[in-house]
Amino acid sequence: MTALSVNINKFALVRNARGANMPDIINISKKCLQYGADGITVHPRPDERHAKFSDLEPLKNLISKYRNKEFNIEGYPSDNFIKKVINVKPNQVTLVPDPPGALTSSFGWDCEKNKTFLTDVVQKFQTNNIRVSLFINPSIKTLENLDKISTNRVELYTYDYAHNYSKNKSEAIKSYIKVSSYLKNKFPHIELNAGHDLNLENLDYFLKSIDNIKEVSIGHALICDTFEFGLENTIKKYLEISSRL
Ligand code: PXP
């Protein structure tokens, strides 16, 4: 079974377009959890065009009312991000190497080049009881010193898989199977998340091909699906795939 964390950034983007609290992302998050989602993810960017840093505390208050539901905050670990996330203490922080103006996360960490920086940052979160996940490419050469960084989890960046899925899904999944087997053998204590461009079409094959994914975080496609199916039905459709034992 894989946990489904709903990334609500795009709901926040719509809210921000008019400067009023519509849609109310606390209410949307509450519904996502009531309909069965296992958690909520936000990615407060430096320009706050999606979720804002001021959204973090109310979201934490909401999510902590539920048993076994998790709050995941993604972002580049700037000093400001580190301070604000430690204040809020989510269950998990997912660190991405995005530059400030990035449209969306488009690559994972080079763990060799950023070893010292990441080791220090990961420790800061962990001493505050926040589980850390590092966003990574499906490429073994960027992961060789992962044990030194001591992350709890890694999140596989699934853009390449998603974009090659319709051409040849067994080819598209190959590098992901390779990396997940490498991690399982070399660092069995590091757990695996996945995310980016996953959708109702490609999620099932991904989860059937890699059996140990702890959590998927899904935003863009899930929110687009709500226009067609409504929020409750959309969450159920994703759960039917992710929660299959
Ligand atoms: N994981 C990370 C690190 C992300 O930055 C994003 C997008 O904010 C996602 C997962 C979710 O991607 P998508 O919106 O394509 O589902």
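Readers should treat all values here as calculations from the given coordinates under stated rules, not as data from a laboratory. All values reported here derive from a predicted model rather than from experimental measurement.
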Everything considered on the Cα gyration tensor (a ≥ b ≥ c; rounded for a/c under 1.5, else prolate if a/b is larger than b/c, else oblate), segment 64-131 must be described as prolate
Computed over segment 49-98, the distribution of all Cα-Cα distances in 5 Å bins, rounded to whole %, is 4, 20, 33, 25, 12, 4, 1
Over 19 Å (Cα to Cα) among Lys184/Lys208; Lys31/Lys237; Lys169/Lys236 -> Lys169/Lys236
Computed over segment 91-245, the Cα gyration tensor eigenvalues, each multiplied by 5 and square-rooted, give semi-axes in Å (largest first) of 26, 18, 15
For Lys148, counting only aspartates and glutamates whose alpha-carbon sits under 15 Å away and dropping same-chain residues fewer than eight positions off, the answer is Asp110, Glu112, Asp120
Highest GNM mean-square fluctuation among Pro46, Pro23, Pro90, for the chain with Cα springs under 10 Å, belongs to Pro23
Note to self: C-alpha centroids of segment 190-245 and segment 41-91 sit apart, in Å, by 21
